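To keep things clear, I will list the structure first and then write my remarks on it.
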Amino acid sequence: MREQKQHRGRRTGEPRLRTRAVHAAAAAAAGAQEGGRPLSVPVVRSSAFAFDSVDRLAAAMAEPGGDFVYGRRGNPTVQVLEQVLADLEGGAAAIATASGMGAISGALLALLRPGDHVLAQGCLYGGTHAVLSDLARRFGIVVERIRTEDAADFEARVRPATRLLFLETIANPTGQIPDLPGLLAAAGERGVVTVVDNSLASPVLCRPIEHGADIVVHSATKYLGGHSDVIGGAAVFADSALHRTVWTRAVELGSTADPFAAWLTLRGIQTLPLRMSRHCANASVLAERLEAHPAVARVQWPGLPGHPSHERARALLSDFGGMVSFELEGGRKAGRRFVEGLRIPRLALSLGGVETLVTHPASTSHRELDDRALREAGIAPGAVRMSVGIEDAEDLWDDIERSLKAT
Ligand SMILES: Cc1ncc(COP(=O)(O)O)c(C=O)c1O
């Protein structure tokens, strides 16, 4: 039997997420200190921490969360980020990592053993797909893809050896939304550990632990940091036993976060709710106008009523996210010309920052695939992925319209 989950919703009288995002870090950092306290969390750069007693140092080495000993094991600034993320995601504890992949690889390496069976949703971030394929090739872990619009495919494929289910709240770039409550409940009943990548939703749009997830992972590089100036990640745990297991591996792997990166993420989190509502509002304007544009064959944004995940998105998310994908009628050449012709959105591979970013997957991340192979991978040759920023939506639209005309 697994330990009782400690997730919870908001208690009566407790400040709401938008307020906690602003104040939680300073509150966590203040501790027992009296008098004038810094409003901004101090960045503690020390790599090691000094003790007067050998016994106390030895005791501190035994447990996570005790006295600070050595920066890879724990740091005051990093700890504040971990407390804030556990709070915002409704978890018992968190580990801040050096990148999103640090959190994903750390959790998978900590939890999986040779012979384990993993179920994962079909459309996954490429880095996650790569690490799962590597584990399958090198460690005899069996990875199977499932359909996630309901729990039926999970029920059909789960077996006694199934150890882990990996999902993304909003899949990138399709905007596909899994039936999180159904899948997490089915996995919970079978004792299968659930990991949900919540990078594209952020805790503002969805808190998977409230729906039964065991571990939520993030690329803090994206919306949490929000300014394209930090690489970071996190894993948030519904229970402390899983936290302990993954923390031990993260310390061995050396994948824990740097204090300055943690500080940048903390600063980003203070404006996360504000930014998310603007990302979503801008995405809504652009998705609707793109859908009506004659040069655009198809738009994928879960807020559009025609999107296959629209009803699940309405039920699960507080808004529909800032990632809009669309397919140009003119195919590969048009997609390429369109992204090169834009003046405000920048051509770059990341997402979730304040600035609008675009990519043309057929010429970049999937450039080795011909048109047929692309379609098999669910990516149209003329597809464009746009991470909608917080600029003025009218400026973005003027620029998009101009570049569409030139394709
Ligand atoms: C959904 C998702 N998860 C995880 C990652 C990996 O994060 P990082 O680049 O911070 O390692 C990314 C990066 O693009 C992502 O989009």
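The values are calculated or read from the model by the stated rules, or taken from the named source; none is laboratory data. The structure displayed is predicted, hence computed values, not measured ones. Cβ atoms come from the backbone with ideal geometry, glycine included; neighbour counts cover every protein chain shown. Note: accessible area is taken over every heavy atom of the protein model, side chains too, but ligands, DNA and RNA are not part of it. Shrake-Rupley method; radii C 1.70, N 1.55, O 1.52, S 1.80 Å.
A compact table of results
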{"read-out": "Highest-fluctuation residue, Arg138, Arg312, Arg113 considered, GNM on the chain with Cα pairs under 10 Å", "value": "Arg138"}
{"read-out": "Accessible area in the full protein assembly, largest first, 1.4 Å probe, for Lys333, Lys405", "value": "Lys405, Lys333"}
{"read-out": "Diffusion constant of region 191-253 at 10 °C, which comes from Stokes-Einstein with the Kirkwood Cα-pair radius and 1.306 mPa s, µm²/s", "value": "127 µm²/s"}
{"read-out": "Mean projection area, nm², convex hull over Cα of region 272-406", "value": "7.7 nm²"}
{"read-out": "Percentage of interatomic Cα-Cα distances in region 17-269 larger than 34 Å", "value": "17 percent"}
{"read-out": "Where region 24-123 is the region considered: accessible area per residue in Å², 1.4 Å probe", "value": "46 Å²"}
{"read-out": "Largest-first ordering by accessible area, 1.4 Å probe, given options Phe320, Phe237", "value": "Phe320, Phe237"}
{"read-out": "Beta bridge orientation in region 167-303: antiparallel %, DSSP, nearest 5", "value": "50 percent"}
{"read-out": "Percent carbon-and-sulfur accessible area, the chain, ignoring ligands, DNA and RNA, probe 1.4 Å", "value": "51 percent"}
{"read-out": "Spin-label model distance (nm) - Arg346 vs Thr248, 7 Å beyond Cα toward Cβ", "value": "4.2 nm"}
{"read-out": "Beta bridges by DSSP in the chain, antiparallel share as percent, to the nearest 5", "value": "55 percent"}
{"read-out": "Spin-label model distance (nm) - Ala161 vs Ala48, 7 Å beyond Cα toward Cβ", "value": "4.5 nm"}
{"read-out": "1.4 Å probe accessible area per residue over region 232-302, in Å²", "value": "36 Å²"}
{"read-out": "Rounded FRET efficiency, nearest 0.05, which uses the C-beta distance separating Ser40 from Arg375 and R0 of 35 Å", "value": "0.10"}
{"read-out": "Whole-angstrom gap from region 291-370 to region 176-197, using each part's C-alpha centre", "value": "27 Å"}
